[in-house]
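In what follows, a structure is listed as structure tokens, so that the remarks can point back to it.
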Amino acid sequence: MNALRSILVRRETGIAVMIVLFTVVVSLYKPQFFTLNSLRVILLLTPLVMIAAMGQMLVLVARHVDLSIGSMLGLSAMVTGMMFRDMPGIPWGLGFVVAIGIGALLGLVNGALVTLFRLPAIIVTLGTLNLYRGLTFIVSNARQVDRQFIPSELKAMSQTSPILGIPWIIFMAFAVALATYWFVMHTRVGRQIFALGSNPVAAPLRGIKVTQVTLLVFAISGALSGLAGIMYASRWGFVNPSNTGFGFEFQVIAAVVIGGVSINGGVGSVLGVVLGVLLMGCVAAALPLLGIPGTAQGAIYGAVILVALLIDRSVRQQGIAGLRIARA
């Protein structure tokens, strides 16, 4: 009984229930939503967000935030796409190394500005959001990398695979989620990230190297944004400097926060983030069926973030009240 009760009160259970209820309600209005084709659409909408969300989760758990992930995705995708265009015949797998490396470097810049100059992460990444976006236009001369320059092997990753025809990009996203779960649950550094976010003041006293851990979480966020960047080229088959990654950060933050990651640090789970991403995928897939224009997505994501913040605040207040009662 206690085990069942602990499952029912978990944040992840609530998100799973929200997904089921949302699916049922939309399916009653639009029966075509409850089909295998709709499931495929939802799964194809989630990989990029899920990959970047794993990095954003670590940053938020460490009590920071990274607003530049969309711009890092765009710059990584653009440089990689230009490499394919200007260097025909180059091994397509090298694109992953280049994109992840560029993303990690950009993330390290964010982390260095936060740690060395003791600047708020929200201000730093707001600045680099525009800086990296501007660099994307500069390096590309505002020119798109067209579909014919993206290797066919890379584009095929978003189309199919030998495993039930499920695109490789979906498997890659869940593999990143599993790797993140192993990292936070079974490594010392993973536990230190949660300890740092729970109590930044006490973290150095416990032997946690705050600067190194902070640099690491921003580097991971950047690296995963870079990976999402090359997978963007795979998914859509082109890279445009004006819209690649534009607004991506709001989708990721909405999914992470609705997934139960606290903006106050120290709280979050990989399962919650995965469910949050799937919920946002369901919403994005349902909008066209419901006749809601794509321009309304920004407003919906903003509303989701606000609702999630209110839920987080309520949960934290109840936790504090329960602690006080227990102490009394």
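Details
- Matching residues, region 26-40, being surrounded by fewer than 18 Cβ atoms within 10 Å (Cβ to Cβ), within 19 Å of VAL277 (Cα to Cα) and of a type in the set (A, V, I, L, M, F, W, C): PHE34, LEU36, LEU39
- Looking at LEU44, LEU39, LEU73, just one residue is at pLDDT 95 or above and either within 24 Å of ILE138 (Cβ to Cβ) or assigned to a helix (DSSP H, G or I) (or both), and that residue is LEU73.
- Candidate set: region 193-233, residues that are in contact with a Gly (Cβ under 9 Å, 6 or more places away or on another chain) and of a type in the set (S, T, N, Q); chosen: the one nearest to TRP168 (Cα to Cα): SER225
- Of everything listed in (1) in contact with a Ser or Thr (Cβ under 7 Å, 6 or more places away or on another chain); (2) outside any helix (DSSP H, G or I), the single unmet condition for VAL201 is (1).
- Selected residue (criterion: nearest to the chain's Cα centre (by Cα)) from residues of region 38-82 that are of a type in the set (Gly, Ala, Ser) and more than 13 Å from TYR232 (Cβ to Cβ): ALA53
- Condition check for THR35: more than 20 Å from PHE250 (Cβ to Cβ) and among the hydroxyl-bearing types (Ser, Thr, Tyr): yes
- Region 66-97, subset of a type in the set (Val, Ile, Thr) and in contact (Cβ under 8 Å) with a residue 60 or more places away in the chain, residue surrounded by the fewest Cβ atoms within 10 Å (Cβ to Cβ): VAL79
- Checklist (1) out of contact with any Pro (no Cβ under 9 Å at 6 or more places or on another chain); (2) among the small types (Gly, Ala, Ser); (3) in contact (Cβ under 8 Å) with a residue 12 or more places away in the chain applied to ALA175, failing item: (3)
Conditions tested, residue by residue: (1) under 30 Å from MET18 (Cα atoms); (2) under 13 Å from the mean Cα position of the chain (by Cα).
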{"site": "GLN192", "(1), (2)": "no, no"}
{"site": "ALA223", "(1), (2)": "no, yes"}
{"site": "ARG235", "(1), (2)": "yes, no"}
{"site": "PRO241", "(1), (2)": "no, no"}
{"site": "GLN251", "(1), (2)": "yes, yes"}
{"site": "GLY265", "(1), (2)": "yes, no"}
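- Taken over region 256-278, the criterion of being part of a helix (DSSP H, G or I) and either within 23 Å of PRO120 (Cβ to Cβ) or modelled with pLDDT of 90 or more (or both) is satisfied by VAL256, VAL257, VAL270, LEU271, GLY272, VAL273, VAL274, LEU275, GLY276, VAL277, LEU278.
- Considering (1) assigned to a helix (DSSP H, G or I); (2) surrounded by fewer than 24 Cβ atoms within 10 Å (Cβ to Cβ); (3) in contact with a Pro (Cβ under 7 Å, 6 or more places away or on another chain), the lone condition that ARG63 does not fulfil carries the number (1).
- Of all the criteria given as (1) touching a helix residue (DSSP H, G or I) at 6+ places or on another chain (Cβ under 8 Å); (2) surrounded by fewer than 17 Cβ atoms within 10 Å (Cβ to Cβ), the one not satisfied by GLY111 is (2).
- Close Cβ contacts (under 6 Å, 6 or more residues apart or on different chains) running from residues in region 127-153 that are part of a helix (DSSP H, G or I) to residues that are of a type in the set (Lys, Arg) and surrounded by 14 or more Cβ atoms within 10 Å (Cβ to Cβ) comprise PHE149/ARG85.
- Taken over region 211-251, residues that are in a helix (DSSP H, G or I) and either under 17 Å from ARG147 (Cα atoms) or at pLDDT 95 or above (or both) amount to 26.
- Filtering VAL139, VAL176, VAL114, VAL184 for residues that are more than 24 Å from the chain's Cα centre (by Cα) and at pLDDT 95 or above leaves a single hit, VAL139.
- Residue check for SER71: of a type outside the set (Lys, Arg) and touching a Lys or Arg at 6+ places or on another chain (Cβ under 6 Å): yes
- Residue match in region 198-210 (condition: modelled with pLDDT of 95 or more and either touching a His at 6+ places or on another chain (Cβ under 8 Å) or crowded, with 18+ Cβ neighbours inside 10 Å (or both)): no
The values are calculated or read from the model by the stated rules, or taken from the named source; none is laboratory data. Computed from a prediction, not measured in an experiment: that's the story for all the values here. A quick note on method: Cβ atoms are made from the backbone with ideal geometry, for glycine too, and the neighbour counts reach across all protein chains shown.
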